[in-house]
1. Scan Ala26, Ala10, Ala58, Ala36 and give me the residue that is loosely packed, with under 11 Cβ neighbours inside 10 Å, among the hydrophobic types (A, V, I, L, M, F, W, C) and farther than 30 Å from Lys222 by Cα.
2. Given segment 93-203, what strands (runs of 3 or more DSSP E) lie entirely inside it while holding 2 or more residues that are in contact (Cβ under 8 Å) with a residue 12 or more places away in the chain and more than 24 Å from Thr237 (Cβ to Cβ)?
3. Taking the condition farther than 23 Å from Glu195 by Cα and outside any loop (DSSP other than H, G, I, E, B), does Ala22 pass?
4. Please tell me if Asp84 is open to solvent by 10 Å² or more (accessible area, probe 1.4 Å) and closer than 13 Å to Leu240 by Cβ.
5. Just need a number here: residues in segment 138-175 that are among the charged types (D, E, K, R) and either in contact with a helix residue (DSSP H, G or I) (Cβ under 8 Å, 6 or more places away or on another chain) or surrounded by fewer than 15 Cβ atoms within 10 Å (Cβ to Cβ) (or both).
Amino acid sequence: MSEKLQKVLANSGHGSRREIEAMIQAGRISVDGKIATLGDRIEVNASIRVRIDGHVVALREPEETVCRVLAYYKPEGELCTRKDPEGRPTVFDRLPKMRGSRWVAVGRLDVNTSGLLLFTTDGELANRLMHPSREVEREYAVRVFGQVDEEKIKQLRKGVQLEDGMAAFRTISFQGGEGMNQWYNVTLTEGRNREVRRLWEAVDVQVSRLIRIRYGALGLPKGLPRGGWTELDLNATNYLREMVGLPPETQSKLPVERDRRRTKANQIRRAVKKHSQRPASRSSGRRSAQPKR
């Protein structure tokens with residue numbers, strides 16, 4: 001059975017559907033030597049050759065694909081891009097390597113934002129989780145600097161006009177702090193560029209620190225260091241899939257429990273060591289304590 005080219009490539013882990021559609025429009029993808037166009041359909045078989053930027057890519061039959069999801073603790077200073085022309089660190093640098101597939105980021109966090117970032121091998125899952133129509137809730141811990149009164153809180157809940165339309169926090173809760181530096185937890189159901197920061201700026205309050213602590217019902221894993229990752233188990237993966245209308249997985253790539261504990265401990269130690277080797281200028285002043293939540 002034939003399927004749309006962007007869906008096949010997304011399911012094979014070569015990007016989200018949006019990313020692949022952009023590649024098709026830019027003429028970067030070919031099928032059996034012919035430049036692909038939006039709307040093309042293909043049937044995966046041994047003879048077909050799909051190239052991205054001239055390189056043949058691996059395709060997987062839907063039944064052969066096992067959806068994998070990572071939870072990553074993004075540090076400040078990392079870019080949400082695969083490669084940076086200036087050689088700056090990216091969120092992909094420390095992820096486990098794979099053959100025949102690749103990690104797709106579920107949304108983005110800007111360079112000065114830390115916290116929970118999900119990655120998956122299933123581009124369709126990534127696309128649906130990011131789509132505004134799904135209204136997947138994201139929660140952030142925000143340290144703000146400025147005068148915050150009840151009128152501003154009401155305004156942020158009711159809605160603020162930004163350059164790309166109205167926006168509002170679904171919830172705002174005070175978490176502590178003294179003087180002009182205070183912590184709040186806020187939630188959104190969309191992922192517009194720098195939306196949390198722009199909402200606070202619209203009421204003349206500056207964000208001095210921003211951490212994503214939850215995506216849907218999945219919180220930032222306890223004990224996970226900055227720059228560390230952990231693979232989600234089958235239940236957590238299926239929670240994400242079912243939330244966006246995808247069929248549940250029946251198998252997982254996770255090792256058995258004893259080996260999993262050993263693998264997790266080793267990858268956390270490697271992540272901590274690698275993060276500690278980063279230049280001090282990238283991390284200095286960024287480890288101030290968060291309020292207890």
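The values are calculated or read from the model by the stated rules, or taken from the named source; none is laboratory data. Being a predicted model, the structure only gives us computed values, none of them experimental. Methodologically, a virtual Cβ is constructed for each residue, glycine included, from the backbone with ideal geometry; neighbour enumeration extends over all protein chains shown. To get the accessible areas, we keep the full protein, side chains included, count just its heavy atoms, and leave off ligands, DNA and RNA. Shrake-Rupley method; radii C 1.70, N 1.55, O 1.52, S 1.80 Å.
1. Criteria check complete, one pass: Ala26.
2. 138-145, 160-162, 171-178, 181-188
3. Working: farther than 23 Å from Glu195 by Cα: yes; outside any loop (DSSP other than H, G, I, E, B): yes.
So Ala22 passes the test.
4. Numbers: open to solvent by 10 Å² or more (accessible area, probe 1.4 Å): yes; closer than 13 Å to Leu240 by Cβ: no.
Against the criterion (open to solvent by 10 Å² or more (accessible area, probe 1.4 Å) and closer than 13 Å to Leu240 by Cβ), Asp84 does not qualify.
5. Within segment 138-175, the first condition is being among the charged types (D, E, K, R), and the residues that meet it are 138-139, 143, 149-152, 154, 157-158, 163-164, 170.
Now restrict to residues that are either in contact with a helix residue (DSSP H, G or I) (Cβ under 8 Å, 6 or more places away or on another chain) or surrounded by fewer than 15 Cβ atoms within 10 Å (Cβ to Cβ) (or both): 149-151, 154, 157-158, 163-164, 170.
Of the residues in segment 138-175, 9 are among the charged types (D, E, K, R) and either in contact with a helix residue (DSSP H, G or I) (Cβ under 8 Å, 6 or more places away or on another chain) or surrounded by fewer than 15 Cβ atoms within 10 Å (Cβ to Cβ) (or both).
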